[in-house]
1. Between residue 367 and residue 96, what is the spin-label point distance in nm, taking each point 7 Å from the Cα along the Cα→C-beta axis?
2. For a quick check of understanding: with a 1.4 angstrom probe and all protein chains in place, what accessible area in square angstrom does residue 730 have, to the nearest ten?
3. Kirkwood hydrodynamic radius, computed over distinct alpha-carbon pairs, for segment 533-583: how many Å, to one decimal?
4. Could you tell me the center-to-center distance, by alpha carbons, between segment 38-75 and segment 396-465 in angstrom?
5. Please arrange 737, 30 by accessible surface area, largest first, computed with a 1.4 Å probe and ligands excluded.
6. Taking the Cα atoms of segment 353-482, what is the range of coordinates along each of the three principal axes, in descending order and whole Å?
7. Less than 9 Å Cβ to Cβ from residue 566, Lys/Arg counted +1 and Asp/Glu -1: what total charge do the surrounding residues give?
8. Would you mind checking which residues have amide H under 5 Å from residue 560's amide H? H placed 1.01 Å from N; only 5 or more apart, or other chain.
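The values are calculated or read from the model by the stated rules, or taken from the named source; none is laboratory data. If you're wondering where the values come from, they're calculated on a predicted model, not measured in any experiment. Cβ sites come from the backbone with ideal geometry, for glycine too, and all protein chains shown count toward neighbours. When the accessible area is computed, the model is the full protein with side chains, heavy atoms only, and any ligands, DNA or RNA have been set aside. Shrake-Rupley method; radii C 1.70, N 1.55, O 1.52, S 1.80 Å.
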Amino acid sequence: MFNLSRMNRFWRLPVGNFWRQNPQGSPLIEVEDSIFLRVLVLALVILGIVATDIAAETSFSFWALPLSVVGAIWSYYRRRDRNVAIKFCIAIGMLVALGAFFGRLVGELNDTRLGLAELLIQLQVLHSFDTPRRKNLGYSIVIGLILLGVAATLSQTLAFAPVLLLFLAIALPTLVLDYRSRLGLQPLKTQKEKFNQKNSSSLNFKFLILTFLIIVGLGLAIFAVLPRFPGYQLRNFPVSSAIQVKSNFTGRSIINPGYVRQGKGESQGSGNGGTGQNKTGQPGKVDNNFYYGFNSQMNQNLRGEMKPKVVMRVRSQAEGFWRVLAFDRYTGKGWEVSRNENVTTVRRSPWSYQIFLSPSVLTGKTQEVVQTYTVVSDLPNLIPAMTYPKEVYFPAPVIAVDKEDGLRSPVELSEGFTYTVISEVPYRDRTKLGQASTQYPQQIKKHYLQIPPEIAEKVRQRTEEILANYNQEKVSKSAKSLDSPYEKALYLAQYLKQRYSIPQNPLDLPYLSEKEDLVETFLFKQKGGYPDHFSTVLTVMLRSIGIPARLVAGFSAGEFNPFTGLYVVRNTDAYAMTEVYFPKYGWFAFDPIPNHPLIPPSIEDTQTFSVLRQLWHWVAGWLPSPLTGLLNNVFETIFKWVIRAIAWFLALFSQGWFGVLTGLILSTTAAFLAWLGWGQWRQWRNRRWLKKLPAMESLYQQMLQWTTQKGLGKHPAQTPLEYARVSYQHHALATAEVIDEICQAYVGWRYGGHTPNLQRLHQRWQGLKKTAK
């Protein structure tokens, strides 16, 4: 009796009612029969998977693509079945995929994007075996779009761009077919006259192509003028998977693959006992791929040049010099790190990739800059970073820091290696640096004033002569003399740029003999040299007059790609320049190399409108010089007046109550006029737009605007027919009948190819507006 009463209750429930009406399990859902729509949705999913493969350099496509095709075919033929067993298998597979994802998550805590993308691909493959309805296909479209977004965040090259354009080209007809399905119209394949009928409901490819071009054009235009603000607002930085290293890492060895091979006569060696360690200054040739300065010793008696190739890509909040290492001892034909054995190792905690470095004591203003480096081609075990790094997110459990603030890895930086650095970069204030003290600490003077005694006096006299000549010229012109180390360093760097040159053919520069000194030969004999020779000469000249300086080697920022937001760095971007020490403010770089900026780019150079600036430079390159100058003057004048107006308006609020009141009145008046003008412009634009539309489309849009003004507008998710049915619940019967008639005529004209009775519709519409008044 108890069981019978419970059974009766069950039959009264909605589930029981459904089961009574559907005892054989026949489907009550509305399935999607359009093969064309299903094929396009499958293409979007495939593009999302392929885009992820291209961006992340994975191989998901090998198993995901064929399974997705099989699942789509299976789902189409079984679209009218209940597929209970399939649903259970899909659920079990999804749980297994989720468990595998959590297992991988333990080893990829710092960057889970690829793991999430793999999970999403697995779920989509399982989901493809059960997509009977349009809503299920909609889920697949969203998954394809998400995968495309993930690929966009992972992509570092323009190889992703063709996939993005192809996705857009396929998405447009997919949206059209999806909307037709929502309206309940017949699939395209059943319309026999779609190729013959002028106003048929087949896809209008001319319209789709025009829409595609407009979207791409607007996207590029918006991209060009969009401000590029610093990224990295979240502290989850990209890092490669964890690397296990030997416990005996000391950080004293520098491994430069191009200069440590046995039997290579031109090798200059490194701290790991390379064969060229005792051959510093010997003539030789540079390696084709690796920069010769990334070593504990720099032999500047090598000749030749490297073959350009991309070595890394950098995403940074600011353009800068990717510093690698610095040298303190000048040898006469190059440099060396004199304290290479005095290296400090720093370890990270086992549950985090974050390594904290000892902070630098600086009194000047600084700015935090985040940089992420992805190695494309093998590099030495030296870690590039902007100056004054304070945190390093690194896959190895330990790194080393030398006395010249260089970072060293326990392993070489191989292809695919990724790490992130946070630097506390000081601002370059010329006034404050010019006023810096000249009382240098003893430790600074000990290591950064060293010069070989054979050339010390001769170089000092030449340096003082250059400065004296400048001061004499400026005194006659009543100009300021060079009275600070900063101004002296600045002038000497500029002097070397202008008075000395780089040979057109690198092989034309003769080797230094055993008794020749590089700086002496550069200044008094050759009157020039290789690019790095300029930096060596400037460093030694500054030391000769008591200004502490050292040689620093690294990479320039490289070529900025506005589409990826990355700096593409090549091996030929490596060079050396001079760093000068200023008490309490730290080390600042000067670049004496011709055709290089005197002050290397840093945080003072804004990148907010970098894409627009690059576009203007490209356009200006095609224009005649007079026209370019005219446009520059026009834009400069406009910006100047705008800035003046803004400054005058803001100054009103600092002039007491009268100024504040004046500013408020002006603000209110300007806002009212702007609102009034905006309203008039919208009305004019709307009238112009309605005139350009076909008569049926124009009438339909007028009806929608009228109902919106009455407070009962159409929801964007509603189809015209759905809105017509709902109108009977909110409008008077006569009004609802007119709305229904216009909607029916619009759908028949727009999607069915029927010619509406416009005269009757206009009469009904005008009569409705008169009665509504």
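1. Simple spin-label model gives 5.3 nm for this pair.
2. 110
3. 12.6
4. Centre-to-centre distance over Cα atoms comes out at 52 Å.
5. Most to least solvent-accessible, the answer reads 30, 737.
6. 59, 38, 31
7. +2
8. It is 568, by chain and number.
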